[in-house]
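A short reminder: the numbers here are calculations on the coordinates, not readings from a lab. These numbers come from a predicted model, not from an experiment. Backbone-built Cβ (ideal geometry, glycine too); neighbour counts: all protein chains shown.
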Amino acid sequence: MSTTAETAEHEGALETRGLEPVPDSERHGRTRELFPTWVAANISVLLLTMGAGLIVSNGLNFWQVLVVALVSPVLSYGLVGLVSIAGKRGGSPGMTLSRAVFGQRGNLFPGSLIWVARWGWETINAVTGAYAILTVLDICFGVKQNTALKVITLLGFVAATFLISGLGRKVLHVCSTWSTYLFGAFSVLVLVYLLTDTDWGQVFDKPAGSTAMMIAGIGTIAAGGISWVPTGPDFTRYLPRTAPNRPLVGHAVGGAAIVVVPMVLMGAVMAVSQPKLSSAQDPVAFLGDLLPTWIAVPYLIMALIGMLLINSMSMYSAGFTAMTLGIKVPRAWAVSVNAIISLIFGYLLMNVATSFMGSFISFLTLLAVAFSAWIGVFGVDMFRRKTYDGEALMDTKRTSAYWYKAGFAWQAMTAWALALVVGLLFTKVDWFSGPLATSWIGRNGLGWLVTIVVAGAMYALLPRRPLPETAAAEPAPVAAAKPAAAKA
């Protein structure tokens with residue numbers, strides 16, 4: 001990398017590095033930077049709606065919701081933290097490191113599925129952000145929604161997302177840090193208001209629901225975190241190799257839990273007096289009715305910033321995934337592909353879909369299964385290996401040490417495909433139901449967990465292929481020196 005590019009990187013301007021491994025000389029990140037990153041990844045008012053759903057749809061009481069809110073981030077972001085260790089070891093984005101597991105050609109299959117799944121995640125967040133803007137305009141200026149205004153707000157939100165994600169990791173870190181402080185302060189205000197304005201007798205008198213519905217609730221809340229697992233290495237690739245592993249897991253779980261727990265509980269409390277909150281087509285407009293204006297407006301603005309960051313982080317990683325799949329453009333431009341897709345799907349969701357929350361929960365359920373198949377295989381492989389060959393990761397031809405047989409690692413591909421099919425057998429959404437969806441596993445929403453177990457166990461049991469002897473502890477200079485637009 002040139003001196004100019006290095007200076008830009010250190011000063012936090014446009015990130016120019018692409019898929020190539022980060023050399024040790026540029027690894028100046030600190031593990032504590034991960035805490036605000038994972039806080040920002042969860043600043044979404046959809047958690048309020050999901051908390052309400054636990055009360056209304058799952059029939060849980062307050063204490064059961066508390067258990068769900070505590071267990072979900074530990075399970076999902078524990079996986080995020082564990083898989084992010086690979087980023088520190090290999091210095092490349094998660095889906096690029098995945099080439100070492102599935103083979104240069106084989107990686108295109110899980111990579112494509114994960115990339116497509118990100119379209120849905122980014123669309124959901126873009127729509128939620130647009131609704132937040134519309135709600136603020138309504139509360140402050142009395143401007144009512146219409147199709148044209150929906151399109152304008154959606155376009156504005158996606159454009160801002162594209163700008164932030166295009167600038168790169170350091171800009172995301174700065175924004176995440178400040179949004180953590182601001183959103184935390186306004187969340188405290190909302191909590192204080194709810195403490196004083198809620199009929200707590202009505203909240204605590206609600207009878208307990210079934211254990212099955214509580215387990216299903218854990219799966220629903222955890223699904224959002226699972227979607228970040230392949231992204232984890234993207235935010236740890238600038239850490240020194242000597243950075244301890246425990247903080248990677250601790251900051252991921254802690255950063256998520258500090259947002260997830262109070263917001264899910266707040267949604268559950270709100271739902272006692274406003275049960276329609278759990279199924280609203282507009283998932284944020286209810287805040288204007290439930291909260292006084294002086295709290296609702298700044299809180300929505302902070303939530304809007306949070307959702308911008310969530311989408312920016314997702315698009316940041318999606319740019320790497322697109323490059324890994326062979327879209328040969330700089331990372332910042334690769335992000336534009338997902339931005340355009342978010343606009344198209346966002347318009348359909350806001351103006352055509354009949355149920356926002358129904359679409360959202362169905363998407364989360366399928367998302368969890370799709371990502372879990374990759375998690376099981378990649379996780380087992382990560383614990384087997386200590387390093388990644390930088391040159392082999394970037395070499396997509398037959399000369400790559402990760403070419404394996406015709407570009408495929410058959411053990412990984414077999415385990416991934418089988419686990420994906422098994423997971424779908426236990427899955428039920430609005431428009432799809434697997435033949436085993438009515439079983440105990442299916443009714444409890446554990447298809448994603450079965451997928452991880454089957455993928456990991458199958459990969460561990462299949463004949464172990466030898467790791468390339470050329471794997472090096474430090475990425476080769478030729479890989480580290482490639483420009484951002486390096487060919488994937």
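Some notes on this structure:
- The residues packed around GLY111, meaning those with a beta-carbon under 12 Å from its beta-carbon, carry a net charge of +3 if Lys and Arg are +1 and Asp and Glu are -1.
- Its Cα centre serving as origin, the chain has a Cβ charge dipole (Lys and Arg +1, Asp and Glu -1) of approximately 1280 debye.
- Theoretical FRET efficiency, 1/(1+(r/R0)^6), r = Cβ-Cβ of GLN202 and LEU66, R0 22 Å, to 0.05: 0.85
- Scalar couplings 3J(HN,Hα) for region 285-295, obtained by applying the Karplus form with A = 6.51, B = -1.76, C = 1.60 to θ = phi - 60°, are 4, 4, 4, x, 8, 7, 10, x, 4, 5, 9 Hz; x denotes Gly and Pro.
- Peptides 367-373, 114-120 ranked from most to least packed by the mean count of surrounding Cβ atoms within 10 Å: 367-373, 114-120.
- Protection proxy ranking of 224-235, 256-267 - average other beta-carbon atoms within 10 Å, highest first: 224-235, 256-267
- Axis angle, to the nearest 10 degrees, between helix 246-273 and the longest C-alpha principal axis of the chain: 20 degrees.
- For the pair region 402-454 / region 200-242, the C-alpha centres are spaced 20 Å from each other.
- Whole-number percent relative contact order across the chain, with pairs defined as alpha carbons under 8 Å at least 6 apart: 32
- Residue-count net charge about GLY434 - beta-carbon cut-off 13 Å; Lys, Arg +1, Asp, Glu -1: +2
- Structure-based [θ]222 nm, the chain - -39500 (n - 2.57) summed over DSSP H runs of at least 4, per residue, nearest 500: -22000 deg cm²/dmol
- Ranked by how many other beta carbons lie within 10 Å on average, peptides 377-384, 244-251 from highest: 377-384, 244-251
- Among THR220, VAL337, PHE141 the positive-end extreme of the charge dipole of the chain (Cβ point charges): VAL337
- When the Cα convex hull of region 21-357 is projected onto planes of every orientation, the mean area is 16.6 nm².
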